[in-house]
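Chemist: Quick one: the structure is below, questions incoming.
Quick note: the coordinates plus some simple rules give every number you see, no bench work behind them. From a predicted model like this one, the values you see are computed outputs, not experimental measurements. Every residue, glycine as well, gets a Cβ built from its backbone with ideal geometry; the counts of neighbours run over all protein chains shown.
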Amino acid sequence: MSNRRVDEDKRATLRRFAALGAATPLVGLGGGDDGDDDSSGSSDARDAIVGYVASTPGAHFSKVRDDLQLGTGETQYHLRNLVDDDTLEVRRDGDYKRFFPAGRFSEFEQVALGYLRRDTPRGMLVHLLRDPDATGSELADRLGVSRATVSTYAKELDAVGLLSREDGYAVRNPETVITLLIRHADSFSSDAAAFADDAAELIRFDP
């Protein structure tokens, strides 16, 4: 009974994301499946991966596999084909490979999404967008991490162009970071969702 429930949950998850993937431009045009297996199940998995990455851009391999309840080999097979046929793009991020819909995000946006998918860097950016005067110690207290951890990530964020450390800490290209947080809030944790609810007050238009 438990195995049947797991299978039902997996099928429901695949169907939900496959519906998104099937509506994504370019999906299915590359002919990545060779027809040697169950073509319907393979197509569902392929479309589900496309839909999942569209709604969770910057997800790394293990997250795609685990959230869709797919096997390692199956996930590798479909991701490789989707990258080869230009449906998805892959970007190396340290030990991770992060996946994005092809042609949708700039290099800066891909880098930003990669860091926004990490709890501490995302928390730092969200708190700094809310309170631009926050110090490293205040960020550490709010996030429940050490001051050294904040310093380490601040250095990384500075190196990739997301943070300035010239006079305290300041988010670079804040409008882009805010847009990514709002647009994909549901794919992050509760801190991003809460930020998205309040973001209208933080966005300033400069005609």
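Chemist: Roughly how many debye, to the nearest 20, is the charge dipole of region 108-202 about its Cα centre, given +1 on each Lys and Arg Cβ, -1 on each Asp and Glu Cβ, and no other charges?
Modeler: The dipole of region 108-202 has a size of about 360 debye.
Chemist: Going by average Cβ neighbours within 10 Å, how do the peptides 107-117, 47-57, 153-163 rank, with the highest at the top?
Modeler: Peptide ranking by packing, descending: 47-57, 107-117, 153-163.
Chemist: Starting from one equal scatterer on each C-alpha and no solvent at all, send me the Debye-based log10 I(q)/I(0) for region 98-191 at q = 0.12, 0.20 Å⁻¹, two decimals.
Modeler: Log10 I(q)/I(0), no solvent term: -0.34, -0.95.
Chemist: Could you order peptides 137-144, 95-102 by the average number of other Cβ atoms within 10 Å of their residues, highest first?
Modeler: Top to bottom by mean Cβ count within 10 Å: 95-102, 137-144.
Chemist: Using a Förster radius of 25 Å, what is the FRET efficiency between R147 and A193 based on their Cβ-Cβ separation? Nearest 0.05, please.
Modeler: Values: r = 27 Å, r/R0 = 1.08.
After rounding, the FRET efficiency stands at 0.40.
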